[in-house]
Amino acid sequence: MNCLLCNTRLPVRLCLGDLLALRPLQQPVICEQCHTGFTRIDPNHACPGCGRPQEHPHLCCECEQWQHQYGWHLNHQALYTYNDAMKEYMQRYKFLGDYRLRHVFAVEFQQRIRHLQADLVVPIPVTTTTMATRGFNQVRGLLGDIEVTSILHHRAADKIAQSHKTRHQRLQTPQPFILSNPVVVRGKRILLVDDIYTTGRTLYHAAVLFKKAQCREIVSLSVAR
Ligand SMILES: [Zn+2]
Ligand SMILES: [Zn+2]
């Protein structure tokens, strides 16, 4: 098998433990060289609101503004920083639509989802326009066989994709979502999953609806921050 990002041949690694346990082999899908381009975020050295890497686990100034606006803040974690390697990855996965690239972070993403132990896992949906052009929801692609609850939907076709908006435009975006079945949310611990945390605007819009529907708790996770 070759590295999904640079196409160099990957060494097959067999360890005795894997063979004796008779579990399916978890071979890496990218090479060491490509792997070093990504920077992991240690949740113990990150903002507890947005997952931004920082020395101390205090709420950052952006999250303090959300706290001020809503009276609560998200509890978000991200696996990796949104650095150049991650930007290039997202470009190839989402905008060039290389669906094989979902495998690069899928295993880690699913492990963290299981670790977060939510009652309902809810992916942030893409607009119908994006779905029509890209052909897949990049968040769903990362989830493998994780059971998801698809009750969050776009209200109507949003004319401009989030990725084409400025930071100011993103922050001004009105509520884009509706919850199709609010009853199932009541008393539940919800995990919202997205690919990138940019301003937090999208996740806060979604979280507002789940809070209105009286969920017990909300946590959120993205691949990048
Ligand atoms: Zn590589
Ligand atoms: Zn923060």
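The values are calculated or read from the model by the stated rules, or taken from the named source; none is laboratory data. Given the structure is predicted, the values throughout are model-derived calculations rather than measurements. Cβ sites come from the backbone with ideal geometry, for glycine too, and all protein chains shown count toward neighbours.
Looking at Arg114, Arg170, which one is more than 21 Å from Gln26 (Cα to Cα), in a helix (DSSP H, G or I) and outside the structural domain of Cys3 (by TED's automatic domain parsing)? Step through it out loud before you land on a result.
Values: Arg114 fails: more than 21 Å from Gln26 (Cα to Cα).
Of the residues listed, the single one that is more than 21 Å from Gln26 (Cα to Cα), in a helix (DSSP H, G or I) and outside the structural domain of Cys3 (by TED's automatic domain parsing) is Arg170.
List pairs: first residue in the range 191-216 and assigned to a helix (DSSP H, G or I), second residue among the charged types (D, E, K, R) and at pLDDT 95 or above anywhere in the structure, Cβ distance under 8 angstrom, at least six positions apart or on different chains.
Sorted first by the residue in the range 191-216, then by its partner, the pairs are Thr202/Asp194; Leu203/Asp194.
How about the range 108-120: which of its residues are closer than 19 Å to Ile196 by Cβ and buried (at least 19 other Cβ atoms within 10 Å of the Cβ)?
Phe109, Ile113
How many residues does the range 35-56 contain that are assigned to a loop (DSSP other than H, G, I, E, B) and more than 10 Å from ligand 2 (Cβ to nearest atom)?
Filtering the range 35-56 for residues assigned to a loop (DSSP other than H, G, I, E, B) gives 36-39, 41-42, 47-52, 54-56.
Pick out the ones that are also more than 10 Å from ligand 2 (Cβ to nearest atom) and you get 36-39, 41-42, 55-56.
Residues flagged as assigned to a loop (DSSP other than H, G, I, E, B) and more than 10 Å from ligand 2 (Cβ to nearest atom) within the range 35-56 amount to 8.
Which condition number does Gln110 fail, the rest of (1) away from ligand 2 (no atom under 16 Å from the Cβ); (2) farther than 30 Å from Lys212 by Cβ; (3) polar (S, T, N, Q); (4) without any contact (Cβ under 8 Å) to a residue 40 or more places away in the chain being met?
Unmet condition: (2).
Give the residues of the range 57-86 that are more than 11 Å from ligand 2 (Cβ to nearest atom) and exposed (fewer than 12 other Cβ atoms within 10 Å of the Cβ), sorted by residue number.
Result: His68, Gln69, Gly71, Asp84.
Give Phe105, Phe109, Phe136, Phe95 a once-over and let me know the one that is within 16 Å of ligand 1 (Cβ to nearest atom) and either touching a Lys or Arg at 6+ places or on another chain (Cβ under 6 Å) or aromatic (Phe, Trp, Tyr) (or both). Full working, then the answer.
Working: Phe109 fails: within 16 Å of ligand 1 (Cβ to nearest atom); Phe136 fails: within 16 Å of ligand 1 (Cβ to nearest atom); Phe95 fails: within 16 Å of ligand 1 (Cβ to nearest atom).
Within the list Phe105, Phe109, Phe136, Phe95, the selection yields Phe105.
Restricting attention to the range 91-107, does a residue exist that is in contact (Cβ under 8 Å) with a residue 24 or more places away in the chain and touching a strand residue (DSSP E or B) at 6+ places or on another chain (Cβ under 6 Å)?
Yes, the range 91-107 contains at least one residue that is in contact (Cβ under 8 Å) with a residue 24 or more places away in the chain and touching a strand residue (DSSP E or B) at 6+ places or on another chain (Cβ under 6 Å).
Do any residues in the range 13-34 that are assigned by TED's automatic domain parsing to the domain that holds Met1 and of a type in the set (Lys, Arg) have Cβ atoms under 8 Å from those of residues that are surrounded by 10 or more Cβ atoms within 10 Å (Cβ to Cβ) and modelled with pLDDT of 70 or more, where the two are at least six apart or on different chains, and which pairs are they?
Matching pairs, first to second residue: Arg13/Gln27; Arg13/Pro28.
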